[in-house]
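Colleague: Input: one structure, supplied below.
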Amino acid sequence: MIEFKNISKSFQYNFWDKKFKALDNVSFNINEGELVGFLGANGAGKTTLIKILMEFSRQDSGDVIFSRTMGNTPEKIKSSIGYLPEKAYLYQHLTGKEFLEYTGALYGIPKNELKELIAKWTDRMAIGYAIDRRIHGYSKGMQQRLGFISSLIHRPKVLILDEPLSGLDPLGRRDFKNILKELNNEGITIFFSSHIVPDVEEICNKVIFIEKGKLIYEGSIDELVIKNSNDLYSVKYLSGEKIETIQVNEADKREVLTEMLKNGLNIVEIEKEKPRLEEIIYKIKS
Ligand SMILES: Nc1ncnc2c1ncn2[C@@H]1O[C@H](COP(=O)(O)OP(=O)(O)OP(=O)(O)O)[C@@H](O)[C@H]1O
Ligand SMILES: [Mg+2]
């Protein structure tokens with residue numbers, strides 16, 4: 001759906017300084033229907049790449065290629081994308097409602113329909129109570145919620161979100177993740193950046209991981225986990241009133257379990273050990 005092909009971008013701070021490579025020959029695809037997590041530490045180049053995708057910034061070399069399914073003119077492609085920037089630029093003097101009416105009108109959503117959409121989403125994002133207040137009085141998380149609504153209100157085919165979960169409280173993160181999953185199930189392709197691995201692991205089926213401007217990994221999370229898993233099982237059993245855990249490998253599993261049962265031990269759980277994405281990423285890096 002969106003193909004990044006050999007994207008490089010450098011910044012130069014003073015003309016006598018060496019150029020700093022923010023993106024170094026990055027290539028990967030976002031395919032239709034995917035929910036893709038874009039991982040990387042602070043300064044890895046995530047926002048730089050997203051800005052290139054949105055054409056707010058120009059790459060030094062390489063191409064961003066949009067599929068025909070997104071539209072056959074640059075305007076149609078643009079309007080099939082919903083975008084939430086890292087720092088939302090919301091018009092502070094407007095009320096939340098006015099702001100959404102304004103963005104909705106830009107997308108050409110008919111008035112009646114827009115009214116319903118605004119009511120539905122502000123309610124869903126739990127800012128309905130503040131919709132007639134001016135934005136400058138909104139908290140950081142409230143602004144994030146409003147920005148998120150404005151990125152999806154026109155039902156884009158693709159959502160590009162730069163750190164949508166930052167600035168949210170735990171409940172808000174839960175809400176956002178549920179909504180992302182829901183929208184994805186309804187067919188919207190989603191690409192969002194984050195540096196929080198467990199959030200990405202929880203909801204995404206694919207990850208892109210960059211470090212210092214270079215692509216380190218592109219692919220399915222399951223594949224990565226399977227490839228990096230060992231053949232250890234953890235067996236939990238009741239010992240008095242406490243639950244103890246022992247680890248056994250595939251080869252010894254049958255024998256150990258038989259022995260435990262023979263000795264009357266109460267086994268409560270057997271689980272194949274799965275490394276967490278976080279651990280794998282640290283391993284790939286080192
Ligand atoms: N307009 C700019 N001018 C100069 N340097 C820039 C500019 N934009 C980005 N950079 C540099 O490029 C690198 C990547 O920055 P970028 O904002 O893409 O990181 P990021 O992965 O989004 O980080 P974060 O998680 O903190 O948002 C950084 O070293 C940054 O200083
Ligand atoms: Mg960023």
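Colleague: Which of Ile50, Ile188, Ile246 moves the most in a Gaussian network model of the chain with Cα springs under 10 Å?
Modeller: Of the options given, Ile246 has the highest mean-square fluctuation.
Colleague: A 20 angstrom limit on the alpha carbon distance is what I want to check against. Which of Lys18/Lys51; Lys78/Lys140; Lys78/Lys115; Lys76/Lys181; Lys120/Lys181; Lys21/Lys46 exceed it? Don't jump to the answer; show the numbers that get you there.
Modeller: Values: Lys18/Lys51 23 Å; Lys78/Lys140 27 Å; Lys78/Lys115 23 Å; Lys76/Lys181 25 Å; Lys120/Lys181 18 Å; Lys21/Lys46 13 Å.
Beyond 20 Å between Cα atoms: Lys18/Lys51; Lys78/Lys140; Lys78/Lys115; Lys76/Lys181.
Colleague: Extension gain Trp16-Phe56, at 0.36 nm per residue separation less the Cα-Cα distance, in nm? Provide the component values of the computation, followed by the final result.
Modeller: Values: separation 40, 0.36 × 40 = 14.40 nm, distance 2.60 nm.
Separation in residues times 0.36 nm, less the Cα-Cα distance, equals 11.8 nm.
Colleague: Would you calculate, for the chain, the mean residue ellipticity at 222 nm contributed by helices, counting each DSSP H stretch of 4 or more residues as -39,500 (n - 2.57) and dividing by all residues, to the nearest 500? Before the final figure, lay out each step's value.
Modeller: Details: 10 runs with 104 residues, N = 286.
Taken over the chain, the calculation gives -11000 deg cm²/dmol.
Colleague: Something else about it: Using Cα pairs under 8 angstrom and six or more residues apart, how large is the relative contact order of the range 108-190, in percent? Provide the component values of the computation, followed by the final result.
Modeller: On the way: 45 pairs, mean separation 23.4, N = 83.
Contact order relative to length: 28 percent.
Colleague: Taking square-rooted eigenvalues a ≥ b ≥ c of the alpha carbon gyration tensor, is the range 165-286 rounded, prolate or oblate, where a/c under 1.5 means rounded and, failing that, a/b exceeding b/c means prolate?
Modeller: On the way: a/c = 2.79, a/b = 1.89, b/c = 1.47.
Prolate, because a/c is 1.5 or more and a/b exceeds b/c.
Colleague: While we're looking at this one, here's another question. What distance in nm separates the two pseudo spin-label positions at Asn29 and Ser229, each 7 Å out from Cα along the beta-carbon direction?
Modeller: Distance between the two pseudo-spin positions: 2.7 nm.
Colleague: Among Pro198, Pro110, Pro275, which one shows the highest mean-square fluctuation when the chain is modelled as a Gaussian network with alpha-carbon springs under 10 Å?
Modeller: Maximum among the listed residues: Pro110.
Colleague: Can you give me the Cα centroid spacing of the range 35-50 and the range 178-202 in angstrom?
Modeller: The two parts, judged by their Cα centres, are 14 Å apart.
Colleague: Could you tell me which GluC sites (Glu not before Pro) in the range 169-221 are loop residues by DSSP with no more than 15 other beta carbons within 10 angstrom of their beta carbon?
Modeller: Numbers: sites: Glu182, Glu186, Glu201, Glu202, Glu211, Glu218; in loops: Glu186.
Within the range 169-221, the qualifying GluC sites (Glu not before Pro) (loop, at most 15 other Cβ atoms within 10 Å) are Glu186.
Colleague: Scanning the chain for helices, which whole DSSP H stretches are 18 Å or more long along the axis (Cα) and average -1.0 or more by Kyte-Doolittle? Can you show the working numbers first?
Modeller: Working: long enough: 111-124 (19 Å, -1.28); 140-152 (19 Å, -0.08); 170-185 (23 Å, -1.10); 250-262 (19 Å, -0.88).
What comes out of the filter, once short or polar helices are dropped, is 140-152, 250-262.
Colleague: Okay, next question. Apply the Kirkwood formula to the chain: the hydrodynamic radius equals the inverse of the mean of 1/r over all pairs of different alpha-carbon atoms; give it in Å with one decimal. Intermediate values should be presented prior to the final figure.
Modeller: On the way: mean 1/r = 0.0462 Å⁻¹.
It works out to 21.6 Å.
Colleague: I've got another one for you. Compute the FRET efficiency between Lys111 and Thr69 as 1/(1 + (r/R0)^6), taking r as their Cβ-Cβ distance and R0 = 25 Å, and round to the nearest 0.05. Intermediate values should be presented prior to the final figure.
Modeller: Details: r = 29 Å, r/R0 = 1.16.
Efficiency for this residue pair is about 0.30.
Colleague: Relative contact order for the chain: what is it in percent, counting Cα pairs under 8 Å that are at least 6 residues apart? Intermediate values should be presented prior to the final figure.
Modeller: On the way: 468 pairs, mean separation 60.5, N = 286.
This gives 21 percent for the chain.
Colleague: What FRET efficiency do you get for Ser139 and Ser239 if R0 is 51 Å and r is their Cβ-Cβ distance, rounded to the nearest 0.05?
Modeller: Numbers: r = 49 Å, r/R0 = 0.96.
So the FRET efficiency works out to roughly 0.55.
Colleague: Here is a further query. Using unit Cβ charges (K, R positive; D, E negative) and no other charged atoms, how large, in debye to the nearest 20, is the dipole of the chain about its Cα centre?
Modeller: On the way: 41 positive and 41 negative charges, 201 e Å.
That gives a dipole near 960 debye.
Colleague: Compute the accessible area per residue over the chain, keeping the other protein chains in place, probe 1.4 Å, unit Å². Walk me through the numbers before you get to the answer.
Modeller: Numbers: 15830 Å² over 286 residues.
Averaged over the residues of the chain, the accessible area is 55 Å².
Colleague: Given 0.36 nm per residue, what is the gain on full extension from Glu186 to Arg124 after removing their alpha carbon distance, in nm? Kindly include the intermediate steps, with their values, before the conclusion.
Modeller: Details: separation 62, 0.36 × 62 = 22.32 nm, distance 1.64 nm.
In short, 20.7 nm is gained.
Colleague: Using a 1.4 angstrom probe on the protein heavy atoms only, line up Arg173, Arg254, Arg58, Arg145 by accessible area, largest first. Walk me through the intermediate numbers first.
Modeller: Numbers: Arg173 50, Arg254 190, Arg58 170, Arg145 30 Å².
Sorted by accessible area, descending: Arg254, Arg58, Arg173, Arg145.
Colleague: Still on this structure: Would you check the accessible area of Arg276, probe 1.4 Å, heavy atoms only, in square angstrom rounded to 10?
Modeller: In the full protein context, Arg276 sits at about 120 Å².
Colleague: Take the alpha carbon gyration tensor of the range 228-285, find the square roots of its eigenvalues, order them as a ≥ b ≥ c, and report rounded if a/c is under 1.5; if not, report prolate when a/b exceeds b/c, else oblate. The partial results should precede the final answer.
Modeller: Values: a/c = 4.49, a/b = 1.99, b/c = 2.26.
Oblate shape, in that a/c is at least 1.5 and b/c is the bigger or equal ratio.
Colleague: State whether the range 6-126 is rounded, prolate or oblate according to the following rule on the C-alpha gyration tensor (a ≥ b ≥ c being the square roots of its eigenvalues): a/c under 1.5 gives rounded; otherwise a/b larger than b/c gives prolate, and the remaining case gives oblate. Present the calculation step by step, with values, prior to reporting the outcome.
Modeller: Values: a/c = 2.31, a/b = 1.74, b/c = 1.33.
Prolate is the answer for the range 6-126, as a/c is 1.5 or above and a/b outweighs b/c.
Colleague: Same structure, new question: Under a GNM of the chain (C-alpha, springs under 10 Å), which listed residue has the highest mean-square fluctuation: Val197, Val256, Val36?
Modeller: Evaluated over the chain, the most mobile residue of the options is Val256.
The values are calculated or read from the model by the stated rules, or taken from the named source; none is laboratory data. Since we're looking at a predicted model, the values are computed, not measured. Cβ: placed from backbone, ideal geometry, glycine included. Neighbour counts: every protein chain shown. Side chains included, ligands, DNA and RNA excluded: accessible areas come from the protein's heavy atoms. Shrake-Rupley method; radii C 1.70, N 1.55, O 1.52, S 1.80 Å.
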